[in-house]
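One structure is given below, encoded as structure tokens.
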Amino acid sequence: MKYLLIDDLAENGWKSILAKAVLKEEGNLEIANSYEAALEKIEYPWELIFLDLRLSEKDHNANSVVDYSGFKLLKEIRKDFKGKNFCTPIIFITASNKVWNIEALRDKGIDGFYIKEHPDYKFDKKASRQNLESLQFSFLHLKEIGSKRREIWELCNCIVNKMGTHPYFKTQDKKYANIKERITDKIKLGYTQLFKAQTGFEKSILPAYNESFSFIIFWSILEEITKGFTNILETWNPPYQRNTNWKFRNAEYFIERRNDAIILNYFREGNGLRNGSKTYDEATIEFKKYHGDLPINLSEQVYSLLAAYSNDDNTFQKLCAMFKPLNKYRNDNDFIHSSVFNIATKKLITENAIKEAYLKNKEILEFIKMILELRV
């Protein structure tokens, strides 16, 4: 694992201190001792970045935190979701203990900080030990969080990039351009929700289940995906009233199979037969007259999309095998459908539930990515 220290005094002891007291052979620590050198280094992904606030003599004469080189680098790293180190944890190393400076840095995306001790203003022994232990804890915690952030970010970023080059979404058509924008926004919303940090106070009082909420957001992208693969004008009449058949953009139809049991039971109960409907077709017409089209749920839409766009049966079966447990997990989700069994017997949040929800986030993103890789 590779870590980066950005500090003009890196070779004056700070690299050695971090390597021995914090990394402890956890990986390689490389340095950038100037703003210009750091700009080159951040073109490559890092596991974690230690970033000093002041990187030159000029910074020591600056009057505001926004003028410091370290602050400018922080903005550069966090400015774009597609940036190589957008998801990389950043620990700020600074001699400044001004609360407003630290708040400004947090606002721009730091994950932790360490206050350097100046010889003239050194802490007492106990405070110094606590300062170091806090840095050590932050490093180990952010190393674990950072690996999760990167694997989810890479999947999210891959989807965003595929949306930008996909023939169905690389278009001037406002309908599909809007779908593309909504998917991109949901990708970012899901990522934000998944890694939303809590303060110590919140952790001690307020429960957090970000993993489940982010899954719901990522899952909802399937609504946009199915519509993006659909010929909207031929499937809906203005103002978006459903036609009979669902037509995909590759000209294949999803022929809607009516649920015989629902319709025929409805008429056998006396609602239709007494009106003279004797055949299934007559029953269907009569039923639709009073109830409209039977809804096509999202799982039916997804399975139909897979059938319409899979090049072979193996691909279709593989994607169906991925989707089936995701669909079940969504249907069993306590924030969508709380079963009586769950309510009566299960805790809402457990360590195993959190781990499972995190894995389901990865699986739904992998599934979305594979849909976008289907030949169109």
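The values are calculated or read from the model by the stated rules, or taken from the named source; none is laboratory data. As the structure is a computational prediction, the values presented were derived from the model and not from experiment. Glycine also receives a Cβ, built like all others from the backbone with ideal geometry; neighbour counts cover every protein chain displayed.
Yes or no: the stretch 175-191 includes at least one residue that is in contact (Cβ under 8 Å) with a residue 60 or more places away in the chain, touching a Gly at 6+ places or on another chain (Cβ under 8 Å) and on the phi < 0 side of the Ramachandran plot.
The answer is no, given that none of the residues of the stretch 175-191 is in contact (Cβ under 8 Å) with a residue 60 or more places away in the chain, touching a Gly at 6+ places or on another chain (Cβ under 8 Å) and on the phi < 0 side of the Ramachandran plot.
Quick check on the stretch 93-110. Is at least one of its residues buried (at least 19 other Cβ atoms within 10 Å of the Cβ), without any contact (Cβ under 8 Å) to a residue 24 or more places away in the chain and out of contact with any Gly (no Cβ under 9 Å at 6 or more places or on another chain)?
Within the stretch 93-110, none of the residues are buried (at least 19 other Cβ atoms within 10 Å of the Cβ), without any contact (Cβ under 8 Å) to a residue 24 or more places away in the chain and out of contact with any Gly (no Cβ under 9 Å at 6 or more places or on another chain).
Among residues belonging to the stretch 284-307 that are in contact with a Ser or Thr (Cβ under 9 Å, 6 or more places away or on another chain) and surrounded by fewer than 15 Cβ atoms within 10 Å (Cβ to Cβ), point out the one that is modelled with the lowest pLDDT.
D293
When you scan the stretch 323-348, how many residues do you find that are more than 20 Å from the chain's Cα centre (by Cα) and either hydrophobic (A, V, I, L, M, F, W, C) or over 25 Å from E223 (Cα atoms) (or both)?
9
Working only within the stretch 117-172, note down all residues that are at pLDDT below 95 and among the charged types (D, E, K, R).
Correct list: E117, D120, K122, D124, K125, K126, R129, E133, K143, E144, K170.
Give the residues of the stretch 38-60 that are surrounded by 15 or more Cβ atoms within 10 Å (Cβ to Cβ) and without any contact (Cβ under 8 Å) to a residue 12 or more places away in the chain, sorted by residue number.
Of everything in the stretch 38-60, just one residue is surrounded by 15 or more Cβ atoms within 10 Å (Cβ to Cβ) and without any contact (Cβ under 8 Å) to a residue 12 or more places away in the chain, namely D59.
Give me the helices (runs of 4 or more DSSP H) completely within the stretch 130-245, filtered to those with at least 1 residues that are within 28 Å of E366 (Cβ to Cβ) and among the charged types (D, E, K, R), ordered by residue number.
Values: elements: 174-194, 200-205, 210-228, 232-235.
Here the list reads 174-194, 210-228.
Would you point out which residue out of K79, K24 is without any contact (Cβ under 8 Å) to a residue 24 or more places away in the chain, over 30 Å from the mean Cα position of the chain (by Cα) and loosely packed, with under 13 Cβ neighbours inside 10 Å?
Result of the check over K79, K24: K24.
What is the one condition in (1) more than 14 Å from the chain's Cα centre (by Cα); (2) exposed (fewer than 15 other Cβ atoms within 10 Å of the Cβ) that E154 does not satisfy?
Condition (1) is where E154 drops out.
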